[in-house]
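Since the structure comes first, as structure tokens, the remarks are kept for the end.
The values are calculated or read from the model by the stated rules, or taken from the named source; none is laboratory data. None of the values given here were measured: they were computed from a predicted structure. So basically every Cβ, Gly included, is an ideal-geometry build from the backbone, and we count neighbours across all protein chains shown. For the accessible areas, the whole protein counts, side chains as well, though only heavy atoms, and no ligand, DNA or RNA atoms are used. Shrake-Rupley method; radii C 1.70, N 1.55, O 1.52, S 1.80 Å.
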Amino acid sequence: MASPHEFGIAGLLGWPVAHSRSPVIHNHWLQRYGIPGRYVLFPVPPEKLPAALSGMAALSLRGCNVTTPHKQAVMSFIQHVDPLARRIGAINTIVVEKDGSLTGFNNDGNGFVQSLRDAKPGWRPDAGPIVVVGAGGAARAVVASLADQGAREIRLVNRTPERAGALAGEYGPPVQAYPWAQRAEILAGAALLANATNQGMAGKPALELDLALLPTEAIVGDLIYTPPETPLLAAARARGNLTVNGLGLLLNQARPAFNAWFGTMPEITPELVRAVEATF
Ligand code: NAP
């Protein structure tokens, strides 16, 4: 890493990137810890991805986050991939090493698990059966981190069953795929329900899921943070479940990235949460 006294630049590489809250988070921390630097947005269309990555070291960037549609594609253009990111098959954070090479990480799943612990201190992935809805990139990250951190039973369900089946096939036990039609039944006895689909996002319909069989002690996590309370979380809260939205994931995945780029592990403070919520 460069000297902490040098002005450091990191950013978000995606297409589009304008909606991102990451600049608010990282620029808040840069200011709070008195670190000279800036987090900026890099709108990069897919055809310019290799050129953008190969220019990172030359531009003395500290690194970047990676978002849609580049999370999988960047794996082919960087020199080192962390084992967890390799298992997930996607990268959300790139660090420029001292020698100019690029290392990729994926902090999304660990960020999600940490957000559950922030909401319920001491919560562990082996607390009981887990239901994950979705089998896209975010679901892959969540399943990988839950499995890594000791989950014994992950019931995976996805609208397109082949994707859930493929993911379960990669992991074997504890991940088991279920038909979409059984998504309400498999909530019985669960300790965690995680929505990793885009259903419930602003502008999209709600996730169609009957919560009747879900124990009220279960945590309900939604990876979505716009809106801050999805219809799923509203329904879960109304019946007494502890609910966690995707803001905790966003904040917790950002901490190790900031540390890698700027050399300080930052804290998630109420002031930071307010600053991000003010953008909603
Ligand atoms: P993705 O790879 O495109 O996956 C989308 C998922 O949603 C798939 O499982 C897809 O099922 C499912 N889906 C789409 N339309 C559906 C419908 N009508 N009914 C049921 N399921 C449907 O997206 P992703 O990157 O995994 O992201 C998923 C969600 O996580 C998004 O809402 C994203 O905003 C959120 N996320 C949040 C954070 C954060 O920082 N909080 C980070 C990453 C992602 P099929 O396989 O059947 O298409």
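Please work out which residue is nearest to the ligand (Cβ to nearest atom), limiting yourself to segment 181-200 and to residues that are crowded, with 19+ Cβ neighbours inside 10 Å and under 17 Å from the mean Cα position of the chain (by Cα). Talk me through it step by step, then tell me what you get.
Step one: of segment 181-200, the residues crowded, with 19+ Cβ neighbours inside 10 Å are 183, 186-187, 190-197, 199-200.
Among the residues that remain, those that are also under 17 Å from the mean Cα position of the chain (by Cα) are: 192-197, 199-200.
Numbers: L192: 16, L193: 14, A194: 10, N195: 8, A196: 5, T197: 3, Q199: 5, G200: 8 Å.
Looking at the filtered set, the residue picked out is T197.
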List pairs: first in segment 248-261 and assigned to a helix (DSSP H, G or I) and within 12 Å of the ligand (Cβ to nearest atom), second of a type in the set (G, A, S) and open to solvent by 20 Å² or more (accessible area, probe 1.4 Å), Cβ under 8 Å, 6+ apart or cross-chain? G248/A119
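Condition first: farther than 18 Å from A184 by Cβ and more than 10 Å from the ligand (Cβ to nearest atom). Now tell me which residues in segment 120-136 satisfy that.
Taking segment 120-136 first, the residues farther than 18 Å from A184 by Cβ are 120-127, 136.
Those that are farther than 18 Å from A184 by Cβ and more than 10 Å from the ligand (Cβ to nearest atom): K120, P121, G122, W123, R124, P125, D126, A127.
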When the residues of segment 91-140 are filtered to those that are farther than 23 Å from L214 by Cβ, surrounded by 23 or more Cβ atoms within 10 Å (Cβ to Cβ) and small (G, A, S), which remaining residue is nearest to the chain's Cα centre (by Cα)? G111
Could you list, in sequence order, the residues of segment 135-159 that are touching a helix residue (DSSP H, G or I) at 6+ places or on another chain (Cβ under 8 Å) and assigned to a loop (DSSP other than H, G, I, E, B)? A135, G136, Q149, G150, A151, R152, N158, R159
Which pairs turn up if I take residues in segment 1-18 that are farther than 18 Å from M75 by Cα and look for partners that are open to solvent by less than 80 Å² (accessible area, probe 1.4 Å) and modelled with pLDDT under 95 with beta carbon separation below 8 Å, at least 6 apart in sequence or on another chain? G8/A2
Name the pairs whose Cβ atoms lie under 6 Å apart, with the first residue in segment 65-81 and under 12 Å from V44 (Cα atoms), the second near the ligand (Cβ under 10 Å from one of its atoms), and 6 or more positions between them or separate chains? V66/N92
